[in-house]
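Some notes on the structure that comes next.
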Amino acid sequence: MSWFKRAKQNISTDTSKAIDLPDGLWEKCPGCSEILHKKQLDLSMWTCPKCNYHFRIGSSQYVEVLLDKETFKETEKKMRSADPLEFADTKKYSDRVKETIKKTGLNDAILTGTGKIDGKDVAFGCMDFKFIGGSMGSVVGEKIARLADRAYKHKLPLIIIAASGGARMMEGAYSLMQMAKTSGRLAKLAEANIPYISILTDPTTGGITASFAMLGDVNIAEPQALIGFAGPRIIKQTIGRDLPEGFQKSEFILEHGFIDMVVSRKDLKSQISHLLNYFS
Amino acid sequence: MSKNVLDFEKPIAELESKLEEMRKFADNLYIDAEIKNIEDKVVNLKESIYKNLTRWQRVQLARHPERPYTLDYIYLMTENFLELHGDRYFKDDKSIVGGFATIDEYKVMIIGHQKGRDTKSNVYRNFGMPNPEGYRKALRLMKLAEKFNKPIITMIDTPGAFPGIEAEERGQAEAIARNLFEMSKLKVPVLVIIIGEGASGGALGIGVGDRILMLENCWYSVISPESCSSILWRSWEYKEQAAEALKLTSADLLEQKLIDRIVPEPLGGAHKDHQTMALTLRNVIKEELSELIKIKPEKLFENRLEKFGKMGKWID
C-alpha cells in the first residue's frame, strides 16, 4: 500500500485553514443540480431560478407566499393527537408524535386560520409534509372541519393547501373517517355557494386526494407535484410494469382533466386573488 | 372436507369429518351415544375457538373464499332484483353491482362490491377492486334512488380501490372524493353494511350513510394489515401485529364508535351457513329501515354531518 502514501512532506492540503462554510447555506437543486444559495432561494420562494423546480416548503412559508403580511391569525393552534388506538409499530405512536412536535415545532400536520389575500378575507389551511408525512388523522380532519365551519359562518372563501402521503395509519379507522368528515363539511359549504380553492402540492396522494384535495371549485397544482390515489410504487408492484414518463405529475393530472391549472409558486397569490374576484 | 379450511378451523373440520364417517355406519352399529358425544365436542370446540379469535384470524374469516358476497345476499334476502349497469361515462364496472330490489314492504336500491369465487370470476370481478367507473356507477344509482325516493343499502367488501395506471388516469381519487361529498347530501336514508373486507378509501367510497352496520367477522380500516406491515415494519411478515395494532374488527369499531351495530354471524362464520346469515341480515335490515324512513329527508344531511363530525379523538 505504500504507493498511496505521500512520501514528501508539505504537499498535502492543510485542512485546518479551510474556509469554514456554515452548514446548510447552500442547496443543490434536485431538478437541475444547480447549487443555490439559501438567500437566493428565499427570494424565489424556494423555486429553482434555473429550472423552476419547486422545493417542498412548510406551512409557515406558504403563509408568507399567499397571505398579506401579518394578516394570518392561527386557530386551533394547540390541538394534538390523542393516540386513540394506543398504536405501536417499531415505535410507539405517542412517542413518534412527541418527537415530531419537538423536531418540527408543529403540533400536527396542518396549520389553520384566517388571513387576507390582496385585502380579501379568507379561511386558510395548509398541510405540513414534515409532520409524519403530512398524514391525516383525527387532528387534521377536525381542524379542516372547524376551518370549513368558520368559512361557512363568516362566509369566507376557503383555501386549503394539500401536502400529504395520505391518511394516518396509526389512527386506523379514525383516520379513514376523516375523509368522510372533511368531504361532508365541504358539501355544506358548497350548498351555501361559498368558494373553495384546493391547492395540490408535492406530494398529494391517498386519502387526501380521495377527499378534500380533489373537491375544490377550482383545483390548482404546483408544477411537477406528485398527485394521485395509489402511490407509484404500489401501482408498479400491482401491474408489474414500468410507469410512463410524467405519470401522476401535475401536468399529467391537468391533461386528464382533474385540475384546472398548474401554477408556479410565485404566481399562486396573484392567480388566487384573480379567482377570488370572480367569486365575489 | 372442504378445500378452503383455515388453520384454526382444522381441528373442527377433522372432528366433523370423523362424525360424518361414524354417521354412515350408525345404522349397523350401536354408536349413537358416541356420536352424540362427538357432536357436543364439536359445538364446544367451535365456541371456544370462535370466541377467542385473534384479529388476524378475523381478517382471514372476512376473506374466506366461501363467504357470501353481495349478490349472494341479494338473491337470498330480496325479491325481484333488477340489476342496473354502467356509469354513463366510460363503462360498466363489474366489481360493483347494484339495482332495485324488494324486501317485504320495502323497495330499495342495493349496491355493493362484488368478488368472484374462482380465478375466472375473480378476473371478471377484478377481485372486488373497483375502478373509478365503479364508484361513478354507484353514485349514479344512488342519485336514481334519491330521485324516486327509495332507501339505499350499500354492502362493503373490497380489498381496496384498484391501483392501476388507467384508474389514476380516470381519476380514482376524484371518484371516491365525489362520492363522499355527494353521499353526505343524499335526501334518502343510506344503510351501510360491511359484509367482508373494508379496505380504506375503496370501502368508504360507498360507505357514507345514516347507520353503519358490520357483520361480526369483518375488518374495516385505513389500510390492510399486510400493507401496514410493509410500510411501518418494512416487511410483509408483521401482518398479525399490524392487525392487532390497527384494531380493525367489528368489536373494535363499535368500541371506537365508528359503527352503530354488529350483526352476529352463525357459529363458525357466515361461510358456514349462507341461509341463516342472510335471514339474520334481512331481519336486521327491516328493523333498521323501519326507523330510518321516519327521519325527515331535510334532516338527513345535517345528521350525517353530525355523525361523522363526532368521529375521531383529539386533545383541544
- prompt: Would a scan of segment B:74-81 turn up a residue that is touching a Phe, Trp or Tyr at 6+ places or on another chain (Cβ under 7 Å) and closer than 19 Å to B:Thr249 by Cα?
  reply: no
Filtered residues of segment A:243-280 (kept if assigned to a helix (DSSP H, G or I), aliphatic (A, V, I, L, M) and within 16 Å of A:Ile160 (Cα to Cα)): A:Leu268, A:Ile272, A:Leu275, A:Leu276
task: With the checklist (1) modelled with pLDDT under 95; (2) buried (at least 21 other Cβ atoms within 10 Å of the Cβ); (3) among the hydrophobic types (A, V, I, L, M, F, W, C) in hand, flag the one item B:Leu53 doesn't pass.
output: (2)
- line: Taking segment A:115-142 and keeping only residues that are part of a helix (DSSP H, G or I), touching a Pro at 6+ places or on another chain (Cβ under 9 Å) and under 28 Å from A:Ser273 (Cβ atoms), one is left with A:Gly134
query: In the set A:Ile259, A:Ile199, A:Ile234, A:Ile208, which member is modelled with pLDDT under 95 and among the hydrophobic types (A, V, I, L, M, F, W, C)?
result: A:Ile234
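Yes or no, residue by residue, for (1) more than 10 Å from every other protein chain (Cβ to nearest Cβ); (2) surrounded by fewer than 20 Cβ atoms within 10 Å (Cβ to Cβ):
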| residue | (1), (2) |
| --- | --- |
| A:Ser211 | no, no |
| A:Leu215 | no, no |
| A:Ile220 | yes, no |
| A:Ile227 | no, no |
| A:Ala230 | no, no |
| A:Ile235 | no, no |
| A:Glu251 | yes, yes |
- line: Exception for B:Leu141 within (1) more than 25 Å from A:Tyr174 (Cβ to Cβ); (2) within 14 Å of chain A (Cβ to nearest Cβ); (3) crowded, with 19+ Cβ neighbours inside 10 Å falls at (2)
- request: Within segment B:259-316, track down each residue that is assigned to a loop (DSSP other than H, G, I, E, B), of a type in the set (Val, Ile, Thr) and either more than 28 Å from B:Lys247 (Cα to Cα) or more than 14 Å from chain A (Cβ to nearest Cβ) (or both).
  value: B:Ile293, B:Ile295
task: With respect to A:Ile194, determine if the residue is crowded, with 24+ Cβ neighbours inside 10 Å and not in a helix (DSSP H, G or I).
output: no
message: Out of B:Val190, B:Val208, I need the residue that is of a type outside the set (Ser, Thr, Tyr), within 16 Å of the chain's Cα centre (by Cα) and facing chain A (nearest Cβ under 8 Å). Which one?
response: B:Val208
field: Residue count, segment A:64-110 (criterion: more than 14 Å from chain B (Cβ to nearest Cβ) and not in a loop (DSSP other than H, G, I, E, B))
entry: 10
- line: Checked segment B:158-172 for anything in contact (Cβ under 8 Å) with a residue 12 or more places away in the chain, in a helix (DSSP H, G or I) and either more than 22 Å from the chain's Cα centre (by Cα) or surrounded by fewer than 24 Cβ atoms within 10 Å (Cβ to Cβ) (or both); matches are B:Glu166, B:Ala167
Residue list for segment A:152-191, filter: facing chain B (nearest Cβ under 8 Å), buried (at least 24 other Cβ atoms within 10 Å of the Cβ), not hydrophobic (A, V, I, L, M, F, W, C) and not in a loop (DSSP other than H, G, I, E, B): A:Glu171, A:Gly172, A:Tyr174, A:Ser175, A:Gln178, A:Lys181, A:Ser183, A:Gly184, A:Arg185
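The values are calculated or read from the model by the stated rules, or taken from the named source; none is laboratory data. This is a predicted model, so every value here is computed, not measured. Ideal geometry is used to build each Cβ from the backbone, glycine not excepted, and the neighbour counts take in all protein chains shown.
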